[in-house]
Amino acid sequence: MRKKLVKISQSFLTIFLLTGLVGTAGASFDNEAQAFVDLINNYRAQNNLGVLSVDSKLEAGAIWMSDDMLNNCVATGNRCSHDDSTGRKYSTRLSDFGYPSGSTYTAENIAWGIKTAQQAFDLWKSSKPHNANMLGNKYGAIGISRSCNSDGNCAWVTDFGSQLVELYKHQKSFVMVRRYTPCWQSQSMYNPRCWNTKIIKK
């Protein structure tokens, strides 16, 4: 009987630990998250870059991290870090959620103390390394999450990846339309300034 109880306890402990590391978070892909996807894809289009599709693996990792930030560093008024409360680097966390971070290009932007997608976008755009992530030409997938408490304090996480593993079910479809606009005779049709790029939702 004692041996059986020990085995059951060990199994429960294993399940508990795995749930804490990869469990379902309380945040969701809300209207502000979708607004950010619209903002960043239009921004990338203006810079002749491809659209980012929301990947379910990156999204799961971003949701977990935004909740983790909200419940820990934001709640205590401390500075947040890309290392989560369990000590994982962001690449390890994404790998735990099923994204092949070890064999792909990845990056992460985090922010706290802001509420809207526009504020998050403007903040990251004004920071050179964060802006470089948003305009990374290697990236084609994104995970974006916002977690907020009853006081209106929010934590934002954006994870970027070079590979789309699994399209997130709430992802809206986008079509990039590029039209050639005649330029001055001294300019070539290969000049990006001669193209009008626009993102259209399906």
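Okay, here's what the table says:
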{"item": "Members of the stretch 72-114 found to be free of Cβ contacts under 8 Å to residues at least 60 places away in the same chain, open to solvent by 40 Å² or more (accessible area, probe 1.4 Å) and under 18 Å from Asn153 (Cβ atoms), listed by number", "result": "Asn72, Thr76, Gly77, Asn78, Arg79, Ser81, Ser85, Trp112, Gly113"}
{"item": "Of all residues in the stretch 102-135 being in contact with a strand residue (DSSP E or B) (Cβ under 7 Å, 6 or more places away or on another chain) and assigned to a helix (DSSP H, G or I), the one that is nearest to Cys148 (Cα to Cα)", "result": "Ala120"}
{"item": "Filter result for the condition that a residue is among the aliphatic types (A, V, I, L, M) and more than 17 Å from Ala33 (Cα to Cα), over Leu70, Leu94, Leu58", "result": "Leu94"}
{"item": "Residue that is surrounded by the most Cβ atoms within 10 Å (Cβ to Cβ) [pool: residues in the stretch 115-135 that are touching a Phe, Trp or Tyr at 6+ places or on another chain (Cβ under 8 Å) and touching a residue at least 60 places away in the same chain (Cβ under 8 Å)]", "result": "Ala120"}
{"item": "Cross-chain or 6+ apart pairs with Cβ under 7 Å, the stretch 33-51 first and surrounded by fewer than 19 Cβ atoms within 10 Å (Cβ to Cβ), then of a type in the set (Ser, Thr, Tyr)", "result": "Gln46/Thr197; Asn48/Thr197"}
{"item": "Any hit, the stretch 141-157, residues being among the basic types (Lys, Arg), farther than 16 Å from Asp38 by Cβ and surrounded by 17 or more Cβ atoms within 10 Å (Cβ to Cβ)", "result": "no"}
{"item": "Condition broken by Thr92, with the remaining ones in (1) touching a Phe, Trp or Tyr at 6+ places or on another chain (Cβ under 8 Å); (2) at pLDDT 95 or above satisfied", "result": "(1)"}
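Condition check ((1) more than 21 Å from Ala141 (Cα to Cα); (2) modelled with pLDDT of 50 or more; (3) of a type outside the set (Val, Ile, Thr); (4) in contact with a strand residue (DSSP E or B) (Cβ under 9 Å, 6 or more places away or on another chain)) across all residues:
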site	(1), (2), (3), (4)
Ser11	yes, no, yes, no
Gly26	yes, no, yes, yes
Asp30	no, yes, yes, yes
Ala33	no, yes, yes, yes
Asn48	no, yes, yes, yes
Asp68	yes, yes, yes, yes
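The values are calculated or read from the model by the stated rules, or taken from the named source; none is laboratory data. Not measured: the values here are computed from a predicted model. Glycine also receives a Cβ, built like all others from the backbone with ideal geometry; neighbour counts cover every protein chain displayed. Remember, those area values only see protein heavy atoms, side chains included, never the ligands or the DNA or RNA. Shrake-Rupley method; radii C 1.70, N 1.55, O 1.52, S 1.80 Å.
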